[in-house]
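Nothing in this text is a laboratory measurement; each read-out follows from the coordinates by a stated rule. This one's a predicted model, so the numbers in the text were calculated from it and none came from an experiment. Neighbour counts are summed over all protein chains in view; Cβ atoms, including those assigned to glycine, are modelled from backbone coordinates with ideal geometry.
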Amino acid sequence: MIIVKYFASLKNIAGKEEDRFDLANGSTLNELCQAISKTNPQLGKMVQEKKVMISVNLDVVSLDHILNDGDEVALLPPFSGGI
Amino acid sequence: MTQALESKIRIQKEDFVVSDEIEAIKKVSPNIGGIVTFLGTGREQSKGETISELNFEHYPQMAEKKLEEIRQQAIVDYKIIDMSIIHRIGKIDIGENIVLIVAAGEHRKEAFLACEWAIAELKRITPIWKRETTTNGEVWVQDTP
């Protein structure tokens, strides 16, 4: 089971803060993104167009990253901290 | 000194007192000779819109991790003695404190450079997001100068 977290504007688009996806062992982040696209095409398009960064277990990684059961994936829209 | 002030990296709802943070970092070393602070506050105007309220959200753990990375890198790269970084989350009214960076070095030059670099890096790599409330509604800010 992979936990997917949404933040800021992506939470509004997803309509929730968190999702869970069951993927085969050894699946890549890209395959998770395809699964997300099926449930929410708008989110999938943003990932495809690289409008969001993706972290796995708190580290930003590329789409070929191999996922493990229990991983926490987060979709991160452009940051706007500070002032 | 409170437990909160002993931590150099903090993300918190509560306001902070700038002078307390400066006093806390001064206690780190008697060799501190230059302290530079950057204080970010909530402003009323943004892109021609009047803002009534700001809200900040963060990704817990990852945001703290990134701030600590910034602190450590600033100490190594700019040869400063210490740095503290505090960012508030939740609802912020106009004029309230948002973010504070305190860079302490032996001399002023490295403290100025480290402080300027740290706020730019915070904006670049730290998962914190700002939502502005204006008369036209609420919007998540996606690009900040």
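Taking B:124, B:108, B:88 as the candidate residues, the one with maximal mean-square fluctuation in a Gaussian network model of chain B, Cα springs under 10 Å, is B:124.
The residues A:39, B:126, when put in order of fewest to most other Cβ atoms within 10 Å, stand as A:39, B:126. Once the Cβ-Cβ distance of residue B:43 and residue A:12 is raised to the sixth power relative to R0 = 25 Å, the FRET efficiency obtained is 0.55.
Sort B:115, A:33 by Cβ crowding within 10 Å, fewest neighbours at the top. Exposure proxy ranking, most exposed first: A:33, B:115. Backbone N atoms of the range A:2-39 closer than 20 Å to the 7 Å Cα→Cβ label point of residue A:48 belong to residues A:10-11, A:13-15, A:28-39.
Can you give the calculated 222 nm mean residue ellipticity of chain B, where each DSSP H run of n ≥ 4 adds -39,500 (n - 2.57) and the sum is split over every residue, rounded to the nearest 500 deg cm²/dmol?
Details: 4 runs with 48 residues, N = 145.
My calculation for chain B gives -10500 deg cm²/dmol from helical runs alone.
Looking at chain A alone, DSSP beta bridges between its own residues are antiparallel in about 75 percent of cases. Residue pairs exceeding 29 angstrom between C-alpha atoms, taken from B:8/B:47; B:79/B:130; A:5/B:27; B:27/B:66: B:8/B:47; B:79/B:130; A:5/B:27.
Each Cα pair under 8 Å and six or more residues apart adds its separation to the average, and for the range B:36-145 the resulting relative contact order is 38 percent. Rounded to the nearest 20, the Cβ-based charge dipole of the range B:3-140 about its Cα centre (Lys and Arg +1, Asp and Glu -1) stands at 300 debye. Spacing of the modelled spin labels on residue A:30 and residue B:13, each 7 Å from Cα toward Cβ, amounts to 4.3 nm.
Between B:100, B:113, B:54, the Gaussian network model of chain B with springs among Cα atoms under 10 angstrom shows the greatest mean-square fluctuation at B:113.
Computed from the C-beta positions of residue B:91 and residue A:38, the FRET efficiency with R₀ = 45 Å rounds to 0.80. Of all the options B:29, B:84, B:46, the one that moves most in a Gaussian network model of chain B with Cα springs shorter than 10 angstrom is B:46. Against chain B, whose longest principal axis comes from its Cα atoms, helix B:108-125 is set at around 40 degrees.
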